[in-house]
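Working notes, structure below.
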Amino acid sequence: MTTSIEPGPSRYSFDNDDPESVGRHSHLSNILDPFTFQRLGTLGDLAGKRCLEVGAGGGSVARWFAEQAGPTGDVLATDLNVRHIPLDAGFRVLRHDLVAEPVPDGPWDVIHARLVLLHIPQREAVLARLAESLAPGGALVIEEWATEFGNLCLAAPDDEAAGLIDEYRDTLVNRVLPGRGNDPAWAARVHATMLANGLVGVDTAIDAASWPGGSPGALLIAVNVAQLHDDFIAAGFTEERIQRLYAAVQDPRLVVRSHFTYSTIGRRPGGS
């Protein structure tokens, strides 16, 4: 079952109405889905389960949920702007504001959010509401990037390319995103926040990888800058250096480290 909804306005840092958002969702799916599916696979048999995908983006995780839950399950994909979520992939779609609106009616057996709460200033209150919306024994899965760590460049064709990566990371993490409500250190606090909200069996796994120039991970850098171009210019990142950065991330001699992905799973007490 699908629900057709016209796209609405977005307040998210990386606006789904931006043409660059198509590439962003594709890159994120390529670099994050394998680890996400590995983690979700530890939840056991999801056949017939009710699964909520929060901030579904391009819908790749919701599609995986639909395949696992099967015809007897119920999967709902939500986003502030749903324009990139397919409407014919076996799950329901809902335009939804996670901050201003109640969590969609549950209770849910699984709730998953990836790279969502770190962008929301009310992240702790939202996590509490998500935890309350779980069925007894249900699992909350929160996956976030810890972006406070520097030294992203592992190899570069020259010092200038390495410096561009350092400047990009400093501009994005310390100047641009904090002004939009992002918390680069939130990922490491998710575990304790789940415990504080009464979840049990809380477990965190951390993943990272290297990305050569021209790969989805490196090209995501260019997409990020393109979507936040005016913010980068306002922060002092010149147009000339932006163009050089675009060239650098396509050079296979460049190798960058991914951010650390913290995947934290907690369960509501009860259930069989």
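Do the conditions hold for Asn174, that is, is it closer than 25 Å to Ile120 by Cα, crowded, with 19+ Cβ neighbours inside 10 Å and polar (S, T, N, Q)? No, not satisfied. Would you be able to say whether some residue in the stretch 110-120 is in a helix (DSSP H, G or I), modelled with pLDDT of 95 or more and not aliphatic (A, V, I, L, M)? Checked the stretch 110-120: no residue is in a helix (DSSP H, G or I), modelled with pLDDT of 95 or more and not aliphatic (A, V, I, L, M).
Right, Val110: in contact with a Cys (Cβ under 6 Å, 6 or more places away or on another chain) and under 25 Å from Asp183 (Cβ atoms) or not? Please lay out each step first, then the result.
Working: in contact with a Cys (Cβ under 6 Å, 6 or more places away or on another chain): yes; under 25 Å from Asp183 (Cβ atoms): yes.
Judged against the criteria, Val110 is a match.
Considered as a group, the residues in the stretch 190-216 that are in contact with a strand residue (DSSP E or B) (Cβ under 6 Å, 6 or more places away or on another chain) and hydroxyl-bearing (Ser, Thr, Tyr) include one that is surrounded by the fewest Cβ atoms within 10 Å (Cβ to Cβ), and that residue is Ser210. Taking (1) part of a strand (DSSP E or B); (2) over 15 Å from the mean Cα position of the chain (by Cα) in turn, Glu144 satisfies each apart from (2). Taking the residues in the stretch 217-241 that are without any contact (Cβ under 8 Å) to a residue 60 or more places away in the chain and within 21 Å of the chain's Cα centre (by Cα) as candidates, determine which candidate is farthest from Asn174 (Cα to Cα). Ranking the qualifying residues of the stretch 217-241, first place goes to Ala218.
Reported count of residues in the stretch 139-195, each being within 21 Å of Val54 (Cα to Cα), in contact (Cβ under 8 Å) with a residue 40 or more places away in the chain and of a type in the set (Gly, Ala, Ser), is 5. Given the condition among the β-branched types (Val, Ile, Thr) and without any contact (Cβ under 8 Å) to a residue 60 or more places away in the chain, answer yes or no: does some residue in the stretch 97-106 qualify? Yes - at least one qualifying residue is present in the stretch 97-106.
Determine if the stretch 146-165 includes at least one residue that is within 27 Å of Val200 (Cβ to Cβ) and buried (at least 16 other Cβ atoms within 10 Å of the Cβ).
Within the stretch 146-165, the first condition is being within 27 Å of Val200 (Cβ to Cβ), and the residues that meet it are 146.
Now narrow it down to the ones that are buried (at least 16 other Cβ atoms within 10 Å of the Cβ): 146.
Checked the stretch 146-165: at least one residue is within 27 Å of Val200 (Cβ to Cβ) and buried (at least 16 other Cβ atoms within 10 Å of the Cβ).
Flag: Arg169 does not match the condition of being surrounded by 14 or more Cβ atoms within 10 Å (Cβ to Cβ) and out of contact with any Gly (no Cβ under 8 Å at 6 or more places or on another chain).
Remark: pairs (first residue in the stretch 121-132, surrounded by 15 or more Cβ atoms within 10 Å (Cβ to Cβ); second residue of a type in the set (Lys, Arg); Cβ separation under 7 Å; 6+ apart in sequence or on different chains) = Ala131/Arg268. Across the stretch 59-106, the qualifying residues are those that are surrounded by fewer than 20 Cβ atoms within 10 Å (Cβ to Cβ) and in contact with a helix residue (DSSP H, G or I) (Cβ under 7 Å, 6 or more places away or on another chain), and the one among them that is farthest from Ser26 (Cα to Cα) is Val99.
For Ala235, the conditions (1) within 22 Å of Pro121 (Cβ to Cβ); (2) of a type in the set (Gly, Ala, Ser); (3) in contact with an Asp or Glu (Cβ under 6 Å, 6 or more places away or on another chain) are fulfilled apart from (3).
The values are calculated or read from the model by the stated rules, or taken from the named source; none is laboratory data. Source: prediction; values computed, not measured. Cβ coordinates were reconstructed from backbone atoms using ideal geometry, including for glycine residues, and neighbour counts include every protein chain displayed.
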